[in-house]
1. Using modelled amide H (1.01 Å from N, peptide plane; none on Pro or chain starts), what sits under 5 Å from the amide H of LYS118, excluding residues fewer than 5 places away?
2. Counting other Cβ atoms within 10 Å, which GluC sites (Glu not before Pro) in the range 36-122 have at most 13 and lie in a DSSP loop?
3. Please give the net charge around LEU237, taking every other residue with its beta carbon less than 10 angstrom from that of LEU237, where Lys and Arg add +1 and Asp and Glu add -1.
4. Tabulate in residue order the Karplus-calculated ³J(HN,Hα) for the range 360-376, using 6.51 cos²θ - 1.76 cosθ + 1.60 with θ = phi - 60°, rounded to whole Hz; enter x for Gly and Pro.
5. By average Cβ neighbour count within 10 Å, what is the ranking of 415-421, 318-324, 264-270 from highest down?
6. Out of all DSSP beta bridges in the chain, what portion is antiparallel? Express it as a percent rounded to 5.
7. Check SER301: other-chain or 5+ apart residues with amide H under 5 Å from its amide H, H built from backbone geometry?
8. So what J values fall out for the range 125-134 if you push phi through Karplus, 6.51 cos²θ - 1.76 cosθ + 1.60 with θ = phi - 60°, rounded to Hz, Gly and Pro as x?
Amino acid sequence: MTNRFGIGGFRRALVIGGALAGLLLAPEARAEEPPARPEETPNALARRWFEDAKFGLFVHWGVYSLLGKGEWVMNNDKIPIAEYRKLPPQFNPTKFDAEEWVKLAKSAGVRYITVTTKHHDGFCMYDSKLTDYDVVDGSPYAKDPIKALADACRKHRIKLFFYYSLLDWHHPDYFPLGKTGHDAGREEKGDWSKYVAYYQGQVRELCTNYGEIGGLWFDGWWDAPEAAWDLEGTYKLIHDLQPGALVGNNHHVAPFPGEDFQMFEQDLPGENSAGFNKAEATTALPLETCLTMNESWGYNSRDDHFKSAEQIVRALAGAAGRGANLLLNVGPKPDGTIGPEFAERLLAVGRWLEGNGKAIYGTRKGPIPPQPWGVTTDRDGSEGQVPTIYLHILKPDVNEVTLPEMLVEAVAFPLGGMVPLKKEMAGGGVKFTLPDDDRDPYDTIISVTFPVPMPR
Ligand code: H79
């Protein structure tokens with residue numbers, strides 16, 4: 001691994017000790033885009049913003065929410081289109097308040113929201129001129145919730161990304177079928193090139209009608225990996241229309257040309273509990289891991305297997321320590337509200353970030369790879385910040401941490417604390433003893449700085 005302590009060299013010499021560093025550091029990273037560096041393209045700036053952002057809110061919301069059995073219910077319960085079409089006329093989320101969603105997101109400390117505009121069921125949650133199978137033309141709600149969300153996000157300086165499913169269980173030209181959607185009762189015919197024109201037209205709408213967007217988050221490619229998707233054309237369209245928009249695609253394989261970030265589903269980069277996360281994390285692109293808060297993406301009334309705030313904070317720190325953002329999902333109810341189980345946890349994470357965000361936002365993965373005790377994040381010395389490594393101690397029963405001997409000059413302080421940690425040489429490394437008191441139940445953070453320049 002390339003890092004500033006050895007193989008990659010030390011980026012910047014430092015002269016300021018830990019306590020002072022604690023005072024000098026901005027209490028919270030900025031919510032807006034950083035100023036562009038000279039000759040930095042909009043795309044490079046957006047990628048840098050994305051890596052700084054670290055935390056996003058994923059929203060899975062569609063007509064499937066009415067059934068309370070997740071977003072795959074059409075496929076899983078073998079509901080034919082003729083039957084599924086009865087859902088939109090029942091979709092009337094009178095309690096949907098975009099401003100409330102965004103305020104909750106802000107309180108959680110997320111920097112962006114990624115929302116489903118069309119899931120695999122093919123029903124569009126935004127106003128599309130290319131189909132009537134959308135929320136404006138096909139539901140009694142008859143308003144565009146994505147427009148409301150885009151406006152609220154702009155007002156509160158949250159970036160908005162659009163989830164868009166390439167896979168479509170409804171469109172007559174999605175043919176030949178791929179791995180899924182075989183019980184939709186569709187005719188055995190269709191013109192694939194028409195489907196590509198349709199989906200690219202929708203991508204154009206999403207890049208045209210909602211102001212500046214954060215980017216596009218594609219899914220469902222894996223349904224038909226051999227199909228002629230013209231992703232190259234799609235990605236070019238996006239980058240031409242919105243030079244600052246980022247493209248990601250949840251295809252579970254190594255990134256394709258034109259993609260701006262690599263994503264992982266239900267696993268931190270390098271892990272594969274889901275079974276389909278076999279792609280290695282690239283070092284060339286920003287990374288993002290999406291995670292459900294319970295075990296469902298779309299609203300599931302029977303799923304109460306919620307992660308604790310502690311597990312979520314550790315996932316956020318664990319992602320940051322691997323150089324990845326966490327995109328944390330909520331599945332709003334059909335009436336448009338976000339349930340208390342989600343809201344409580346979001347607020348708890350937000351409270352934790354208020355005190356600890358400086359070790360998350362704006363950092364990159366640390367020089368020490370994930371350890372049994374936790375992870376490290378790294379804030380370089382650019383933009384007036386003091387270069388600091390943060391140790392995230394994710395195991396409450398760990399009382400000491402041994403770092404490589406080359407860090408012998410390091411000074412370590414509990415985050416925000418004034419008393420340096422006890423340090424001694426031990427076992428070929430330098431051992432720091434953690435304080436007994438003042439432990440954070442989720443993640444005890446130690447900031448590590450250096451009073452003398454480190455060797456390059
Ligand atoms: O939107 C959420 C899910 O509905 C969607 N992605 C998240 C963000 C999703 N679709 N499928 N999955 C998640 C599970 C992945 C299943 C896969 Fe496969 C395993 C894809 C490829 C291998 C099963 C087998 C589906 C196709 C073949």
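1. Distant-sequence amide H within range of LYS118: MET125, SER165.
2. Passing sites in the range 36-122 are GLU39.
3. Working: positive: ARG204, LYS236; negative: ASP230, GLU232, ASP240.
Residues near LEU237 contribute -1 overall.
4. These are the phi-based 3J(HN,Hα) values: 10, 4, x, 8, 10, 4, x, x, 9, x, x, 10, x, 7, x, 9, 10 Hz.
5. On the way: 415-421: 16.0, 318-324: 24.1, 264-270: 19.4.
Highest to lowest by the protection proxy: 318-324, 264-270, 415-421.
6. Working: 30 of 65 bridges.
If we restrict to bridges inside the chain, about 45 percent are antiparallel.
7. Here LYS69, GLY70 satisfy the definition.
8. 8, 10, 7, 9, 7, 9, 7, 9, 7, 9
The values are calculated or read from the model by the stated rules, or taken from the named source; none is laboratory data. Keep in mind the model is a prediction, meaning the values are calculated, not measured. Note that each Cβ is placed from the backbone with ideal geometry, even for glycine, and that neighbours are counted across all protein chains shown. Protein only, heavy atoms only, side chains kept; ligands, DNA and RNA dropped before computing areas. Shrake-Rupley method; radii C 1.70, N 1.55, O 1.52, S 1.80 Å.
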